[in-house]
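Each remark here refers to the structure printed beneath this line.
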Amino acid sequence: MLKRLFGSSKGDSGSSGGGGGGGASRGPSATSTIKTVEQMQGTLANLEKRERLLQKKAQMEVQKAKEYTRSKNKSAALACLKRKKMYEQQANNLANNQLRIHEQMILLENTKATTETVDALRAGASQMTAMQKATNIDDVDKVMDEINEATDMQRAVQDALGTPVGMAADLDEDDLLNELEELEAEDLDDQMMAGVSAPTPSEKMAGAAAAEAAPAMPSVPTTAPAAPATATDEDAELAALEAEMAL
C-alpha cells in the first residue's frame, strides 16, 4: 500500500532496508538506534502529509457532489461520493500505519532503555568480578595471618620486657612478704613497749612531789653512758661505707 501511494519512496525504502540489514549485521548501537528513530520520524511525517492530502481531496469530492446534486446530475454526484469513500479509506489506512509506527518507536525506545540498563548491569558485574579477583579469600586469609602473627610477636616482646632479670629475678616474693610481716610485728611490739614504759602526766606529778619531800642526798658523780658515742661511730662508719659503694 505504501509503495503504491509513494512511488518515489521505493528507492528510499530499499536503501533503508539495506541500511537496516547492515545495522543488524553490525549489532545494535546508539548511532544506529538514533538513525532508525530519525528514519521512522521522517516516514511518519510523510504519512501525516499524505493523510491530510487525502482528507482534503475527500472534502473536495463532497463539494463537487453537492454541486452536481444542485445541477440534478445524480450519476456525477454518486461518482464523487465513491471517490470520497476511497480517499477516506486510504486516509484511515495511513492513520493505522502511523499508529503502528508510533508503537514501533515506543518499543524501540523501551528496548534501547532496556539495553542500556543491561549494559550498565553488565559493567557493574564485570567491575565487581574484577574487584573480587583482586581481593580473593586466599589473600584475605594471608593478610589476617600476618596481622595475627605481628600481634603475637608484639605481645611476646611486651611480656619479655615485663619479665624481671638479674638480681630482681632471683628474689623470692614470699620471703620478702614474710620479712615485711616480721618488721611490722617488731614495730608493733616497740610501740606497745613504749606505751607501757612512758609515765602518765599524773605519775609525773606524783614523782615530782615525792622528790621535793625527800631529803637532799649528796650528789654522786656518775659517768655518762658511751652508747651515744657508739651510735655516732656506727653512723660514721655506715656513711663511709656508703661513700665507698657509691664510688
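The values are calculated or read from the model by the stated rules, or taken from the named source; none is laboratory data. Nothing here was measured: the structure is a model prediction, and the numbers come from that model. Here the Cβ is made from the backbone with ideal geometry for all residues, glycine too, and neighbour counts use every protein chain on show.
Would you mind finding the one in 110, 92, 97 that is without any contact (Cβ under 8 Å) to a residue 60 or more places away in the chain, within 30 Å of residue 65 (Cα to Cα) and in a helix (DSSP H, G or I)?
Within the list 110, 92, 97, the selection yields 92.
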Matching entry among 79, 45, 24 (being within 30 Å of residue 101 (Cα to Cα), assigned to a helix (DSSP H, G or I) and either of a type in the set (Phe, Trp, Tyr) or at pLDDT 90 or above (or both)): 45
